[in-house]
Every structure is written in C-alpha cells, then in structure tokens.
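First the structure, in the form of structure tokens, and then the observations on it.
Derivation of every value follows stated rules applied to the coordinates shown; laboratory data play no part. Source: prediction; values computed, not measured. Every residue, glycine among them, receives a Cβ derived from its backbone with ideal geometry; neighbour counts consider all protein chains shown.
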Amino acid sequence: MRIRIRSRIRLTDSRTSKAGLLFTCLVPSTVQALIGFTAVSGGNVPGAIASASASNLFGMFLTPALAFTMMSTSGQMGTPGAAALGIGLQLFLPFVLGQILRRLIGDWVARHGSALRYVGRESVVLIVYSAFSAGERDGVWHSAPSTALLRLVLLSTVLVTAILWLTRFTADLMRFERADVRAIQFCGTKKALVTGLPMAAVLFAGQPVGQIILPLMVFHQVQLTMCAWLANRYRHRVA
C-alpha cells in the first residue's frame, strides 16, 4: 500500500525545494561537529554530548513521524510501518548493538581509539559522498540554476544566524552560564546530513532524493562554516 502525497515532485519544481527545506528542519542534530565546536569555544562538552545523543535517539522516531504529518510534497512515500522498519534497521539497530557490545569490546575500543577514529571519519566521508552522488544521479547540479543555489545559501545563512541569535538570547534570558550558553547555541543550530540522508532514502524511496536533500546539503555546509567562525571567535575571547 502506498500513501499519495498532495503535490507532485519534479526535479525543477520549487515545491520540491520547499519540501527539502521542511525536511531539513526535521532532521536531528549532528554529533561530532556539535561536540567539536562546543569544545573549541570552551562550552559545556558533557551537556553537548547529552544533547546530541538525545537529539539523534529521539530523532529516529520523531523525524519520520513529523515528516508523515507535516510534509506537503507529492509523489509516493512508503507506509509509516515500512519507513519505521527501514530507519530502525539502518539507524536504531546499530545503536542498540553498539550499546550491547560495549561491555565486550569497550576496553579494546578505548585502547585503539586513535586508530579507530579514522573509521568513523571515513564513514562520514562515504555518507557525504553518497549524498552528493545522489544529487549527481538525479541531475541536481546540472538542472538547478545558479540563482536557486544562491537563494538556498542565503536562506541557510539567514536561518543559521537567526537560530544562533535566538538560542543565545533565550539562554541568556534564562540565566545559563557562559559554557552552557555556547553549548545551547551549537546544539540548536546543527542538522546532520549523516542522519538525514538515510532517512530521506527510506522516506522518499522512488523519488528524486538528491533534489529533496539539496537544501540539507547546502545548509550543512553553511552551518559548518558559520559555527566554525563563531567557535574560533569564542576561543579567542577565552584566550
């Protein structure tokens, strides 16, 4: 059984870009970049780790549920049950297995952490490569006009700036300490391409996934650039 969504997804349809922007807002936060920027800025690293872990854990369930509830794109999406099964197998099952095996291999992983960290980095590189390959397969880079890409960059810049200001304003208003404020800022702005791509592949199976995740790819690069600048600025202030 397939669920028909209202509008029709076409490669050059602006509604597809709007769907991609909405999906970007539903994706959980990053882990490595979030923790790295918080550490560089002198923020609350344990708090950032807890926030990133919670965001990704809850996002495995909330992102698909919100996507089926809020997405106004068209084409065909799989049934909620099939989407939940696919996301569970790709994201939740490895997490559960990792927690189970931690008692068995945790000490070995800790001893070889310097070597194993490259495995994690290479996995991220492969996922990002898959995202850009999906865009090339769907013809995104050839069919999307440069003005559309520029609008996505500008919109992503405005969105990141607004969220950075809002998270700091709210944290200051609630009288959080400086380290907590910086962690809240970085935790509130990150969107994970590593998590978003597998979810999009399951939720929008049979559709031009490259077109749908294009806003997420652009937003991901913009957030890394802006947050890296902000983290270094905070670091110089501390120094």
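What ranking of Arg178, Arg103 emerges when the number of other C-beta atoms within 10 Å of each C-beta is taken as an exposure proxy, fewest first?
The fewest-first ordering by Cβ neighbours comes to Arg103, Arg178.
Tell me which residues come under 5 Å, amide H to amide H, from Lys191 once H is placed; ignore anything under 5 positions away on its chain.
HN-HN under 5 Å from Lys191: Thr30.
Could you give each residue of the range 98-111 its phi-based ³J(HN,Hα) in whole Hz, using Karplus coefficients 6.51, -1.76, 1.60 with θ = phi - 60°, and x for Gly or Pro?
Calculated HN-Hα couplings, in order: x, 5, 5, 7, 4, 5, 8, 10, x, 5, 5, 5, 4, 5 Hz.
Could you run the Karplus curve 6.51 cos²θ - 1.76 cosθ + 1.60 with θ = phi - 60° over the range 176-190 and give me ³J(HN,Hα) per residue in whole Hz, x for Gly and Pro?
These are the phi-based 3J(HN,Hα) values: 6, 5, 4, 5, 5, 4, 5, 5, 5, 4, 6, 5, x, 10, 7 Hz.
Whole-Hz Karplus ³J(HN,Hα) for the range 57-65, in order, using 6.51 cos²θ - 1.76 cosθ + 1.60 and θ = phi - 60°, x for Gly and Pro?
5, 6, x, 4, 9, 6, 4, x, 5
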